[in-house]
Amino acid sequence: MELIFGGCTVLQYRNKNGSAGEMLRQALALKIMTAVGDVKLIMNDRADLCLAVKFDGVHVGQEDLPPSSVRRIIGPDCWLGYSTHHPQQVSEGDQTSADYLAIGPVFATSNKDKPDPVVGLEGVHRARQLTRKPLVAIGGITRANAASVIEAGADSVAMISDLLRDPRKSAEEFFRILR
Ligand code: 3NM
């Protein structure tokens, strides 16, 4: 709730270790908790759970079902996000039915197992040249570097660490920096 009060408009539910049952319960709780706010909920990795809890969309990575298969499962109306980590993946992602592409890690991150090599601001800039789909930058993004990431061509930023300590205050500061 603190994130919503701070202005976050899209939240991703991400649980890399939980069972399907646990994920379902947590995702439902999140949906109920956030029903008062105007926030889009995205399920990480799992198209089936996205449908089961009626989230707004699903986000998949290079190791998950490909976007074409996910689209077949979720239908035309749910949002579909797709992670990319280098220019070729951005170009391939551009040809899919994904609604947005993520590019990262932009900077070093401690919140991903076996992260791909850092792409830097140059990687964001390159990705911008390769797609007109909305581009979400992720990985090591903080209040100190967020403006530079948008300047490099990202449409929006996704964060974990820099939102955690004081979620509402951090989110408010992000929006002050980015607006
Ligand atoms: N995906 P933080 S980086 C979940 O590169 C995730 O695709 C990444 O956490 C990617 O904001 C990342 O704490 C972790 O760096 C983002």
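Bear in mind that the values in this text are calculations on the coordinates, not laboratory data. Remember, it's a predicted structure, so these values are computed and weren't measured experimentally. Because the Cβ atoms are built from the backbone with ideal geometry, glycine has one as well, and the counts that use them run over all protein chains shown.
Here are a few things to note about the model shown:
- Considering only the Cα atoms of the chain, their convex hull presents on average a projected area of 9.6 nm².
- Placing unit charges on each Cβ (+1 for Lys and Arg, -1 for Asp and Glu) gives the chain a dipole about its Cα centre, and among 5, 139, 115 the Cα reaching farthest toward its positive end belongs to 5.
- Model label zone, residue 36; criterion: amide N under 19 Å from point 7 Å along Cα-to-beta-carbon; scope the range 141-179: 167-169, 171-172
- Two tests apply to each whole DSSP H helix in the chain, Cα reach of 15 Å or more along its axis and mean Kyte-Doolittle hydropathy of at least -0.5, and the ones passing both are 20-33.
- Of 31/133; 31/169; 40/112, pairs whose Cα-Cα distance is over 25 Å: 31/133
- In the chain, taking the dipole from charged Cβ atoms about the Cα centre, the farthest positive-side position among 79, 36, 50 is held by 36.
- The residues neighbouring residue 132, those whose beta-carbon lies less than 13 Å from its own, together hold a net charge of -1 under the Lys/Arg +1, Asp/Glu -1 convention.
- Estimated dipole of the chain in Debye, rounded to 20 [Cβ of Lys and Arg +1, of Asp and Glu -1, Cα centre]: 200
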